[in-house]
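Below: the structure, in structure tokens.
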Amino acid sequence: GLPGLPQASIPAILTAAGTTAAFATVWAAHGLYGFLAPGTAFILLGLVALATLAAALLHGPALAGLGLVGAFVAPALIDSPEPNYWALYLYLAVVTAAAFALARMRLWRWLALTAIGFGFGWLLLGLGAPASSGPEVFFVLAGFTLAAALIVGGLFYGPDRPPETLDEVSAAAVGAYVAEAAILAIATRHDPAALIAFTLLAAATVAITWRTASAAVALPGAALLSALVIAEWAVRVRVPELIAPAGATAAAFPDPGSADVGMHLALGAALAALFGVSGFLAQGRYARALVPMLWAVSALVAPIAILVALYYRVAGFERSIPFAALALLLAALYATATELLSKREPRPGQAAAEALFAVGAIAGLALALTFALEQGWLTVALALMAPGIAMIAQKRPLPMLRWMVAGAAALVCARVVYEPQIVTNLGTTPIFNWLLWGYGVPALCFWVAGYLLRQRADDVPARMLDSAAILFTVLTVTLEIRHSVGGGNIYARNSGLAELGLQASTFLAMAIGLERLRGRTHSPVHNVGAVLIAAAALLVIVFGLLLAENPLGNNQPVGGRFFNLILLGYGLPAVLAVTLALIAKQTRPMPYRAVAAGAAVVLSIMYLTLEVRRLYQGPVIGLFGHPPGDAELWTYSAVWLGFGVLLLLVGILLRSQPARLASAAVILLTVVKVFVYDLAGIGGIWRSLSFIGLGLVLVGIGWLYQRLLFPPRPQAVAPIAAAAPT
């Protein structure tokens, strides 16, 4: 070493150069000159890689990395017309064993993780091989065994770890091979050998976690992967199973679909029992709370998810009493586990386990209702879980439970995205149909769950529940309106004035409700929801009521004289828009209130105008009908003037500047109409009445402003000087 310069490991550098030369020599002899056969080159490259790993014991981690990369890349350098997958995966198992042994001796955790990553990549590359799954199954089993023997802390020859200490490398090593087994089972279409291997690794993960807590984080992952394997089989359609022999020869042929279903039912029951029973028995064995919580999570996830997957595969989301009985049995088992734990002496993590098992009981009851009733109840059952879990979270304030409530809401949203109708036949009954159950009940559940969660904290799960509650409330009312107006078809394209008027009124009413609610909760979700729903109402008003479905532009009848579509489409939204503007007077900025007030004024003018035309023209008020007469044109001016005066009086009483400005705009519109149109378009006495009425109104407004808004100030009177004494 020289002063001021880092020391260079000359032997390690020379060894690395020699290793690189050896790799290049063997590959050139095979790939460039054809001196070596593929099998010979493969063996020589493997020997060079293993020798490099062995030399890394003396020369350090840099050489270990070079040897590991060379060992795993070597098979890709050999071009063989007939690949031998058994030789490939046997070689990879030997290289993995060498890397794990070196990582264990030198405690190079990065080396073990790198070897696991390379092995995972080679497994993915071999999934498309035409050969059987035997070599891949062997490689996964061998890798898992090596990881358990050399990498998992506190087990066999693994590194020493303090009791109940979690180790991310141990969990990654175990979880990676369980994930490889799951991928292999799915990719081989549930080949029996692959399924057996996955089941063995899942059971081995439970056994390893029972023996040492270092790999406990991999346990919930194994439970989730078990459910995913069963779920993947459940949702996939196999064409051979759909083809059944008919006639007298049907009994002579085996039924692969029935055999497949029977095998997976047994496998699902075994995996559910494995994680459920072990998760309960593991409670009370640990001095730290986290490890028994991981056991409890595994006992909750696997049985519930596997039961749902099997129900879908066998019953197809139809009514099934046997599966309802299984769900009731599962709920009873979870309830019994909760009761037994509550009677024990308090132990770390026991309260969390009780809460999780109570959640399992609620989920089992909800699933029992789902399986026993008609289709579509799964959505309702998942929604009913939200307030139930939220109530448990009130008693056991665990962050995990709050996220489980949010997860239930997310599942319901995903189910609705998959099929918005919930069921295939909604019927034609208004309001009391499946939309009320499929959207209304979840909305109510989410409101209750969000309220319960907000009692402790206004965090992300609580806001997710509030968002879901607002969303399902909007969907409930919107789809009910569409179903009722469309005769039972929510996918109908045409939207009439009645539907748009109801939608606008609904949006405005919900915006009013959220404005009142956010004043109490101060929740940003309620704040944003109120703004978004008000914006949706504005869009419906502008593009729907004023443009697309305006009765002046079509020949559709509007109904009776006063109780008609005009009142529904313009009068009712105008009243609600005024209410929104008044409620937001103290809570919203001026632009928001101005838009609400402006929408109310425009809707009111439209209502008055269309109502006048209805009284003169009859049910069909389109402009393509009869032209307006003089009396009708004069009535427009009179009604607009009256409305402007009414706005002025309201503005004076409420001391509202926006109302007075709206009054000025309406009166100005009337003045323009009188001087521009009435002067030339109206004849006789109606023209005189128009100008006389306008003049009287303008004089009255001036007097009103002068007397009420700007009253004259009393003049100061000079004091009379006192008389001088005589």
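Table for the structure above
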{"quantity": "Ranked packing of 302-315, 335-348, most packed first, by mean Cβ within 10 Å", "calculated": "302-315, 335-348"}
{"quantity": "Residue-normalised accessible area of segment 491-605, given per residue in Å² at a 1.4 Å probe", "calculated": "48"}
{"quantity": "Candidate aspartates and glutamates for bridging to K585, where Cα separation is under 12 Å - those fewer than 8 sequence places away on the same chain excluded", "calculated": "E515"}
{"quantity": "Segment 1-146 - accessible surface per residue (Å², probe 1.4 Å)", "calculated": "50"}
{"quantity": "Hydrodynamic radius by Kirkwood, which averages 1/r over all alpha carbon pairs of the chain, in angstrom", "calculated": "32.8"}
{"quantity": "Rounded Å value of the spacing that divides the Cα centres of segment 304-368 and segment 123-202", "calculated": "29"}
{"quantity": "Accessible area, probe 1.4 Å, largest first, for residues Y616, Y89, Y33", "calculated": "Y33, Y616, Y89"}
{"quantity": "Whole-number accessible area per residue in Å² for segment 302-399, which is evaluated in the context of all protein chains at 1.4 Å", "calculated": "42"}
{"quantity": "Solvent-accessible ranking of F472, F624, largest area first, probe 1.4 Å", "calculated": "F624, F472"}
{"quantity": "Gyration tensor over alpha-carbon atoms, segment 583-666, equivalent ellipsoid semi-axes in Å", "calculated": "31, 14, 8"}
{"quantity": "Per-peptide average of other Cβ atoms within 10 Å, ordering 171-179, 429-437 highest first", "calculated": "171-179, 429-437"}
{"quantity": "Residues of type aspartates and glutamates that K343 reaches as a straight line, Cα spacing below 20 Å, ignoring anything fewer than 8 places off in the same chain", "calculated": "E354"}
{"quantity": "Whole-percent carbon and sulfur share, accessible surface of the chain, 1.4 Å", "calculated": "71"}
{"quantity": "Over the chain: helical MRE at 222 nm, DSSP H runs n ≥ 4 each giving -39500 (n - 2.57), nearest 500", "calculated": "-23500 deg cm²/dmol"}
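The values are calculated or read from the model by the stated rules, or taken from the named source; none is laboratory data. This one's a predicted model, so the numbers in the text were calculated from it and none came from an experiment. All Cβ positions, glycine included, derive from the backbone under ideal geometry; neighbour counts span all protein chains shown. Calculation scope for accessible area: heavy atoms of the full protein, side chains included, ligands and nucleic acids excluded. Shrake-Rupley method; radii C 1.70, N 1.55, O 1.52, S 1.80 Å.
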